[in-house]
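What follows is a set of notes on a single structure, which appears directly below.
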Amino acid sequence: MSSPWEVVIGLEIHAQLATVSKIFSGASTAYGAEPNTQACLIDLGYPGVLPVLNEEAVRMACKFGLSVNATVARRSVFARKNYFYPDLPKGYQISQYELPIVENGELMITGGDGNQKRIGITRAHLEEDAGKSIHEGFGRSSGIDLNRAGTPLLEIVSEPDLRSAKEAIDYMRKIHTIVRYLGISDGNMQEGSFRCDANVSIRPSGESELGTRTEIKNLNSFRFVEKAINFEIERQIELIEDGGKVVQETRLYDSDRDETRSMRSKEEANDYRYFPDPDLLPIEIDDDYVEAVRATLPELPDAKQRRFVADYGLRQEDAGILVGTRAVADYFEAAAVATGAGAQIVANWVLGDLSAALNRDGLDIDGSRISPARLAGLLDRIDDNTISGKIAKEVFEALWAGEGTADEIIDKKGLRQITDAAAIEAVVDEIIAANPTQVADYQSGKDKLIGFFVGQVMKATGGKANPGQVNAILKDKLGSA
Amino acid sequence: MSQDLHTLTLTQLAAGLGNGDYSSVQLTEALLARIASLDKTLNAFVTVTADAALAAARRADESRAAGKGGVLNGLPVVHKDIFCTRGVLTTCGSRMLENFVAPYDATIVERLNAAGAVVLGKTNMDEFAMGSSNETSYFGPVRNPWDLERSPGGSSGGSAAAVAARFAPAATGTDTGGSIRQPAALTGTVGLKPTYGRVSRYGMIAFASSLDQAGVITRSTEDAALLLGVMAGLDERDSTSIDHPVPDYVDALSGPIDGLRVGVVRQHFDAGLDEKCAAAVREALAVLEARGAVLTEVDLPNLDLSVPTYYVVAPAECSSNLSRFDGIRFGHRADNPEDLLDLYCRSRGEGFGAEVKRRIMTGTYVLSAGYYDAYYLKAQQVRQLIADDFKKAFAEVDVIAGPTSPTPAFKLGDKTDDPITMYLNDIYTIGANLAGLPALSTPCGFVEGLPVGLHLVGPHFGEAALLRCSHHYEQETDWHTACPESYR
């Protein structure tokens with residue numbers, strides 16, 4: 001049953017740029033320092049200080065723009081957004097308003113109907129982050145930590161093209177993947193390096209006018225984005241179906257109670273009194289600069305996925321998962337190139353046993369205890385029948401434990417597969433002789449017992465007998481069922 | 001040792017120190033003694049840094065003895081209290097910063113220190129440089145050495161009075177709408193506002209960032225040229241400072257002004273200009289002509305729009321610039337705030353004076369939603385027209401000359417109840433700020449015993465021609481050497 005309501009969502013994503021120093025000062029951007037130890041006079045907004053733009057932030061914004069097929073503005077302007085708050089030292093935030101550095105981009109996601117869908121990116125602009133207010137542990141006062149003040153942010157604003165929480169998440173993940181591919185943000189959501197505000201409205205299906213929207217602030221996990229949007233959609237539908245009206249307002253998502261709550265209405269909203277910042281010159285970029293940045297762009301996830309399918313014959317879904325993280329894709333490709341076992345096998349191992357081992361030990365791919373070359377060495381031994389798939393799992397664990405290369409482990413542990421037919425036949429004979437009842441049952445038609453015999457032979461050989469050969473010899477000796 | 005060291009200019013003192021006629025310590029002691037005895041009535045200083053000055057003088061004498069030292073080695077200067085000076089009170093004339101000790105030096109302070117200057121103290125000023133009479137200072141008005149009942153002008157009134165009263169041969173100042181040139185005119189001193197971007201604004205507490213420019217007040221054009229050479233040039237810490245070569249301004253003084261095209265602005269002599277001031281300025285123009293300059297009439301058709309334009313742009317920027325004074329990190333903080341809003345409201349309410357509040361409110365208004373286009377944006381457009389007028393004029397002339405101020409020094413209290421009349425005092429000077437042009441005022445006579453200034457404006461980076469023109473004028477006249485009687 002199709003819903004009588006259409007959901008309209010636009011996201012404003014704040015990606016913290018991975019510069020070494022702040023956007024307008026030389027102070028460090030490293031996370032987790034003692035409060036107020038990484039705020040210099042400029043970050044503190046001292047009398048007389050002036051901002052100086054960090055060019056690295058401009059380069060990063062430019063990279064992003066080119067990656068989403070956007071226009072990189074040849075001239076963009078910093079503006080002051082004026083409001084009072086204790087963690088905003090100057091009483092204004094330096095941002096971009098009328099003339100942002102990136103405009104008119106786009107991104108493809110998989111839509112609700114399974115088809116590719118274009119999501120417009122209205123703009124992306126550079127701005128400085130504020131500090132943090134700490135309301136616990138200071139009695140009736142609040143503490144201020146200005147370490148984060150002046151950290152560069154890229155605010156990425158989508159068109160209201162998203163039609164469900166799922167699409168919103170897909171879009172956000174895609175942006176997340178891109179910024180990490182570009183190396184312009186670590187995307188760390190726990191540390192707040194990647195967060196978003198969601199604008200949500202509903203309208204009767206088929207209606208072209210937008211409904212009144214609410215803005216849900218500061219969502220810092222994919223799960224919260226999904227839950228907050230879904231809660232908000234339900235809330236708005238209920239409200240309207242009960243004869244009420246949606247009020248334009250800012251809402252906060254409370255993850256403990258899984259609900260959104262009103263923060264301030266449009267009437268209470270600040271008049272930010274934006275105007276061009278007279279302390280900073282416009283950012284002027286020429287074509288040479290843009291082309292030089294373009295030349296540094298890595299292969300982006302969509303292109304990589306297409307290539308993995310075309311060149312390696314991977315399944316679309318597997319390729320999609322592999323390219324989700326640049327380092328995983330690189331790992332896969334390094335192993336795939338090094339082994340003769342076939343790329344899909346490599347993908348299966350990377351997405352299967354390797355992922356499981358990484359998860360178990362809480363590591364990411366860069367922390368893998370098995371190098372792509374060693375994984376390739378293992379897969380080669382499966383491929384040439386030196387070991388069975390089952391023994392391979394044992395070798396994998398030994399590789400993970402750092403016991404050497406696959407060949408060294410196979411030799412040391414004597415795991416080489418038995419392919420000598422005479423040796424297998426001898427074991428088969430023993431097993432047949434030891435289990436007369438089962439032999440009789442098998443021969444009277446219980447052909448499922450073949451599994452029992454195979455298991456017995458494998459057990460007797462410590463799993464090293466070639467399973468295919470065991471099967472064939474058993475069938476031959478037992479006669480037809 | 002001469003008892004009259006205070007009467008000497010920077011250039012004369014540099015020669016005397018070089019010849020070993022006296023030491024920097026002797027010079028510093030003499031001026032400090034003078035300040036101690038005479039500034040009680042004048043109120044030119046907020047802070048006198050006697051110990052630090054003597055220590056700097058001793059270092060200067062030692063480096064001189066060792067054959068070292070910069071071009072200003074051992075020479076005394078004073079700084080307007082808008083410039084941050086490390087470890088020294090920097091009040092900006094406001095209760096808001098009554099106890100603010102700057103943790104760093106402004107770029108120009110650093111550059112003057114590096115050249116060997118000895119800083120005697122910090123001078124009084126209109127609060128946050130907002131005023132034309134020095135009456136908005138939290139530390140009380142400065143008095144004009146030529147007539148203690150009168151204002152020395154503002155906002156760099158303390159600097160101008162200190163130089164006119166021979167407390168120091170030179171002072172720094174800042175000029176957002178005339179704040180160096182108007183007090184220079186009203187105290188019989190030379191005041192130079194360089195091209196916007198010529199001198200770094202780093203460490204200069206911002207009033208209106210797109211208009212503010214640091215400059216100097218001296219008793220001769222030569223001294224202004226000397227100081228400008230030290231202060232000017234690119235500063236990586238100020239994005240609006242411009243990477244333009246710094247010529248030897250002192251060297252450039254000696255060139256001829258034969259054929260120098262001097263523009264006389266038709267609108268300058270309209271109603272509003274005191275007739276005797278007008279006569280003094282006309283006489284000065286005749287002197288320049290006699291020296292070989294060619295006078296040409298030029299048109300600045302939008303001149304009458306400069307004051308209203310300025311009073312939209314400057315308050316808009318100041319309303320934002322002064323937001324950082326919120327009682328949270330530095331400056332005045334209200335006692336026992338009930339909550340955050342109370343902390344903000346009372347800290348700012350108590351910390352700022354009436355004129356600053358008036359401008360913050362005006363600025364907040366013109367930037368507000370619904371008013372931005374009609375005021376701020378419109379003012380920016382008019383600002384462009386005014387800049388274009390100057391550009392057209394400078395296609396015809398090398399320098400524009402006229403009065404600095406419509407009247408000589410007015411009485412303290414005369415205009416405090418009427419901000420509009422006060423604002424109109426800057427009619428001749430504001431244009432140069434709106435267009436970012438260099439300008440100076442040099443003494444050109446007296447009206448009823450009060451000094452009058454000749455105002456010269458040049459094209460961008462045209463400081464050398466301005467200074468040369470002014471220097472030539474000083475060769476023919478001795479107005480700039482006149483000293484108020486009680487301060488000889």
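The values are calculated or read from the model by the stated rules, or taken from the named source; none is laboratory data. Remember, predicted model here, so these are calculated numbers, not experimental data. For neighbour counting, all protein chains shown are included, and Cβ atoms are generated from backbone atoms with ideal geometry for every residue, glycine included. Protein only, heavy atoms only, side chains kept; ligands, DNA and RNA dropped before computing areas. Shrake-Rupley method; radii C 1.70, N 1.55, O 1.52, S 1.80 Å.
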Gyration tensor verdict on region A:235-323 (Cα atoms; rounded if a/c is under 1.5, prolate if a/b is larger than b/c, oblate otherwise):
oblate
Rh (Kirkwood; distinct C-alpha pairs) - region B:343-488, Å
18.4
In nm², what is the average projected area of the convex hull enclosing the Cα atoms of region B:193-305?
9.3
Given the Cα atoms of region A:421-478, and with Rh set as the inverse mean 1/r over their pairs in the Kirkwood sense, what is Rg to Rh to two decimals?
0.93
So for chain B, what percent of the C-alpha to C-alpha distances run longer than 43 Å?
9
Charges on Cβ only, +1 for Lys and Arg, -1 for Asp and Glu, centred on the Cα centroid of region A:301-413; of A:ALA356, A:ALA334, A:THR405, which one is farthest towards the dipole's positive end?
A:ALA356
Relative to the Cα centre, what is the charge dipole magnitude of region B:217-301, using +1 at the beta carbon of each Lys and Arg, -1 at the beta carbon of each Asp and Glu, and rounding to the nearest 20 debye?
280
Positive-pole candidate from B:ILE360, B:SER239, B:PRO256, dipole of region B:236-361, charges at beta carbon:
B:ILE360
Relative intensity, log₁₀ I(q)/I(0), of region A:5-292 from a Debye sum that treats every alpha carbon as a point, q = 0.07, 0.08, 0.12, 0.15 Å⁻¹
-0.27, -0.35, -0.81, -1.24
Placing +1 on the Cβ of each Lys and Arg and -1 on the Cβ of each Asp and Glu in the protein assembly as shown, which of B:THR136, A:THR29, A:GLY462 has its Cα farthest towards the positive end of the resulting dipole?
A:GLY462
Partner lysines for A:LYS448 [C-alpha distance under 19 Å; skip if fewer than 8 residues away on the same chain]
A:LYS459, A:LYS475, A:LYS477
Given a 1.4 angstrom probe, what's the average accessible area per residue across region B:1-103, in square angstrom?
42
For the pairs A:LYS217/A:LYS266; A:LYS22/B:LYS122; A:LYS390/A:LYS412; A:LYS132/A:LYS217; B:LYS193/B:LYS415; B:LYS122/B:LYS193, note any where the Cα-Cα span goes beyond 21 Å.
A:LYS22/B:LYS122; B:LYS193/B:LYS415
Chain A, helix-only ellipticity at 222 nm - DSSP H runs n ≥ 4, -39,500 (n - 2.57), divided by all residues, nearest 500
-11500 deg cm²/dmol
What's the average, rounded to a whole number, of partner chain beta-carbon atoms within 10 Å of each residue's beta-carbon in B:317-330?
6
Once the mean 1/r over all distinct Cα pairs of region B:39-78 is inverted, what Kirkwood radius in angstroms do you read off?
11.5
Radius 9 Å from Cβ of B:LEU253, net charge of other residues (Lys, Arg +1; Asp, Glu -1):
-1
Determine the relative contact order of chain B: mean sequence separation of Cα pairs under 8 Å and six or more apart, normalised by residue count, in whole percent.
18
For the protein assembly as shown: Kirkwood Rh in Å [reciprocal of mean 1/r, alpha carbons]
33.2
Magnitude of the Cβ-charge dipole of the protein assembly as shown, K/R +1 and D/E -1, about the Cα centre, nearest 20 debye?
860
As straight-line cross-link partners of B:LYS276, the qualifying aspartates and glutamates (C-alpha separation under 16 Å, not fewer than 8 residues apart within one chain) are B:GLU448
Starting from the Cα coordinates of region B:273-397, work out the convex hull volume and express it per residue in Å³.
169
Which value, in nm² and rounded to one decimal, describes the direction-averaged projected area of the C-alpha convex hull of region A:301-413?
6.4
dims of region A:140-181, Cα set, principal axes, largest to smallest, nearest Å -> 43, 29, 15
Stokes-Einstein, Kirkwood over Cα pairs, chain A, 37 °C, 0.692 mPa s; D in µm²/s equals 123
Check the straight Cα-Cα distances from A:LYS227 and name the aspartates and glutamates below 12 Å, setting aside those fewer than 8 residues away within the same chain.
A:ASP254, A:ASP256, A:ASP258, A:GLU259
Rounded to the nearest 500 deg cm²/dmol, what is the calculated helix-only ellipticity per residue at 222 nm for chain B, with -39500 (n - 2.57) per DSSP H run of length n ≥ 4?
-11500 deg cm²/dmol
